[in-house]
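J.: Dropping the structure in here first, questions after.
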Amino acid sequence: MNPLVSTDTRHGGTRLSVNVNKVALLRNTRHLGIPSVARAATLCLQAGADGITVHPRPDERHIRPHDVHDIAALLKDWPQVEYNIEGNPFHNLMDFVRELADKGMPPQQATFVPDSEGQFTSDHGWDLALDGERLRPLIAECSALGVRVSLFMDPLPEAMALARAVGAQRVELYTEPYAAAHAAARPADAAAHGQAGQAEQLARFAAAAAAAQAQGLGVNAGHDLNRDNLADFLRAVPGVLEVSIGHALVADALELGLPETVRAYQRCIRAAESGAARP
């Protein structure tokens with residue numbers, strides 16, 4: 001097992017990493033510096049978040065370079081918390097990893113995502129047959145800096161051996177197809193089709209996670225996970241080490257506030273682990 005694959009969590013199970021991109025997106029609509037991304041991260045941590053995620057895109061539409069460094073400095077006071085920086089390593093991600101490592105504040109994890117520069121949101125995983133050899137030296141560089149690498153992947157069991165072969169320590173399963181199927185099961189006129197699609201998607205993700213774990217990879221998950229679908233996913237896909245959630249969590253916080261929203265997501269995680277119904 002790779003030493004960078006950790007199963008340690010603050011509450012004994014899946015870790016919740018809060019993506020604060022959408023806080024930065026709101027701030028960037030004005031020049032007042034509010035809401036504060038660092039303050040939002042602090043509120044999440046005080047409420048029990050296990051990690052903070054940022055995805056700084058080259059166009060700086062939300063997270064900006066100073067945010068990356070501000071949160072790294074903040075997390076020096078939270079040694080039990082993981083810092084996860086997402087992005088395309090062929091664009092600007094590696095610059096941030098190197099800069100933080102040079103300052104003695106490397107993130108615990110870098111999640112490599114195959115986004116194009118103008119892409120609206122992440123919508124597919126890596127094709128390692130195409131990009132694996134280009135990724136290999138960058139993964140090795142991160143590992144040398146003490147940074148775990150997670151590859152954003154579609155739920156394809158056959159791809160997990162390739163992820164391991166290029167040196168990754170984890171994969172993050174792209175969960176939008178599951179989230180869409182789960183949502184489709186809600187309307188009464190689509191219940192039968194939606195429930196069948198949801199079961200099929202969960203089987204796909206469970207098989208991909210098992211294949212990754214068989215290769216010695218840790219398994220993360222993220223994209224469109226929310227309070228409605230998170231517990232069901234974690235029950236069906238055992239051994240998920242971390243979920244990264246941003247858009248839905250920040251949207252929920254408009255109603256509940258950030259601290260209570262973080263606690264609500266942690267309750268979903270614990271309900272999945274205990275087998276209880278969704279809270």
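The values are calculated or read from the model by the stated rules, or taken from the named source; none is laboratory data. The structure presented is a predicted model; accordingly, all values stated were derived computationally and were not measured. Glycine gets a Cβ as well: all are built from the backbone with ideal geometry, and neighbour counts include every protein chain shown.
J.: Tell me the residue from Arg235, Arg227 that is part of a helix (DSSP H, G or I) and either over 14 Å from the mean Cα position of the chain (by Cα) or in contact (Cβ under 8 Å) with a residue 24 or more places away in the chain (or both), please.
T.: Answer to the selection: Arg235.
J.: Search region 1-13 for residues being surrounded by 11 or more Cβ atoms within 10 Å (Cβ to Cβ) and not basic (Lys, Arg), and hand back the single one that is modelled with the highest pLDDT.
T.: Gly13
J.: A follow-up question, please. So Arg98 clears everything in (1) surrounded by fewer than 19 Cβ atoms within 10 Å (Cβ to Cβ); (2) within 25 Å of Arg204 (Cα to Cα); (3) basic (Lys, Arg) except one condition, right? Which one?
T.: (2)
J.: Mind checking which pairs have a first residue in region 78-96 that is on the phi > 0 side of the Ramachandran plot and at pLDDT 95 or above and a second that is part of a helix (DSSP H, G or I) and surrounded by 24 or more Cβ atoms within 10 Å (Cβ to Cβ), Cβ under 6 Å, 6 or more apart or different chains?
T.: Gly87/Leu93
J.: Would it be correct to say that Arg204 is among the basic types (Lys, Arg), at pLDDT 95 or above, under 19 Å from Gly125 (Cα atoms) and surrounded by 22 or more Cβ atoms within 10 Å (Cβ to Cβ)?
T.: Values: among the basic types (Lys, Arg): yes; at pLDDT 95 or above: yes; under 19 Å from Gly125 (Cα atoms): yes; surrounded by 22 or more Cβ atoms within 10 Å (Cβ to Cβ): no.
No: the conditions fail for Arg204.
J.: Of the numbered conditions (1) out of contact with any His (no Cβ under 9 Å at 6 or more places or on another chain); (2) surrounded by fewer than 16 Cβ atoms within 10 Å (Cβ to Cβ); (3) modelled with pLDDT of 95 or more, Lys103 fails exactly one; give the number of that condition.
T.: Only one criterion in (1) out of contact with any His (no Cβ under 9 Å at 6 or more places or on another chain); (2) surrounded by fewer than 16 Cβ atoms within 10 Å (Cβ to Cβ); (3) modelled with pLDDT of 95 or more is unmet by Lys103, namely (1).
J.: If I ask for residues that are touching a helix residue (DSSP H, G or I) at 6+ places or on another chain (Cβ under 7 Å), within 24 Å of Ala231 (Cβ to Cβ), in contact (Cβ under 8 Å) with a residue 40 or more places away in the chain and part of a helix (DSSP H, G or I), which ones from region 148-182 would you list?
T.: Pro157, Tyr178, His182 - these are the residues of region 148-182 that are touching a helix residue (DSSP H, G or I) at 6+ places or on another chain (Cβ under 7 Å), within 24 Å of Ala231 (Cβ to Cβ), in contact (Cβ under 8 Å) with a residue 40 or more places away in the chain and part of a helix (DSSP H, G or I).
J.: Listed residues Pro65, Pro89; which is surrounded by fewer than 17 Cβ atoms within 10 Å (Cβ to Cβ) and in contact with a Phe, Trp or Tyr (Cβ under 8 Å, 6 or more places away or on another chain)? If you could, list the steps in order and put the result at the bottom.
T.: Numbers: Pro89 fails: surrounded by fewer than 17 Cβ atoms within 10 Å (Cβ to Cβ).
Criteria check complete, one pass: Pro65.
J.: Given the conditions (1) of a type outside the set (Lys, Arg); (2) modelled with pLDDT of 95 or more; (3) not in a strand (DSSP E or B), which single one is not true for Ala221?
T.: Failed condition: (3).
J.: I would also like to ask the following. Taking Ala277 and the conditions (1) small (Gly, Ala, Ser); (2) outside any helix (DSSP H, G or I); (3) modelled with pLDDT of 95 or more, which numbered condition does it fall short on, given that it satisfies the others?
T.: (3)
J.: Another question, if that's okay. I'd like the full set of residues that are within 13 Å of Ala272 (Cβ to Cβ) and surrounded by fewer than 17 Cβ atoms within 10 Å (Cβ to Cβ), limited to region 207-234.
T.: Correct list: Asp228 only.
J.: A further question on this structure: Based on this model, can you work out whether Ser143 counts as small (Gly, Ala, Ser), part of a loop (DSSP other than H, G, I, E, B) and either more than 18 Å from the chain's Cα centre (by Cα) or surrounded by fewer than 21 Cβ atoms within 10 Å (Cβ to Cβ) (or both)? Give the steps one after another, and end with the answer.
T.: Values: small (Gly, Ala, Ser): yes; part of a loop (DSSP other than H, G, I, E, B): no; either more than 18 Å from the chain's Cα centre (by Cα) or surrounded by fewer than 21 Cβ atoms within 10 Å (Cβ to Cβ) (or both): yes.
The answer is no for Ser143.
J.: Only residues that are of a type in the set (Lys, Arg) and at pLDDT below 95: list them for region 134-189, please.
T.: The one that is of a type in the set (Lys, Arg) and at pLDDT below 95: Arg186.
J.: Could you grab me the full set of residues in region 51-79 that are touching a helix residue (DSSP H, G or I) at 6+ places or on another chain (Cβ under 6 Å), more than 18 Å from Phe112 (Cβ to Cβ) and assigned to a helix (DSSP H, G or I)?
T.: Asp67, Asp70, Ile71, Ala72, Leu74
J.: Going by the conditions given, is Arg204 among the basic types (Lys, Arg) and not in a loop (DSSP other than H, G, I, E, B)?
T.: So Arg204 fits the description; yes.
J.: Residue by residue through region 14-37, note down the ones that are among the hydrophobic types (A, V, I, L, M, F, W, C) and surrounded by fewer than 18 Cβ atoms within 10 Å (Cβ to Cβ).
T.: Leu25, Leu26, Leu32, Ile34
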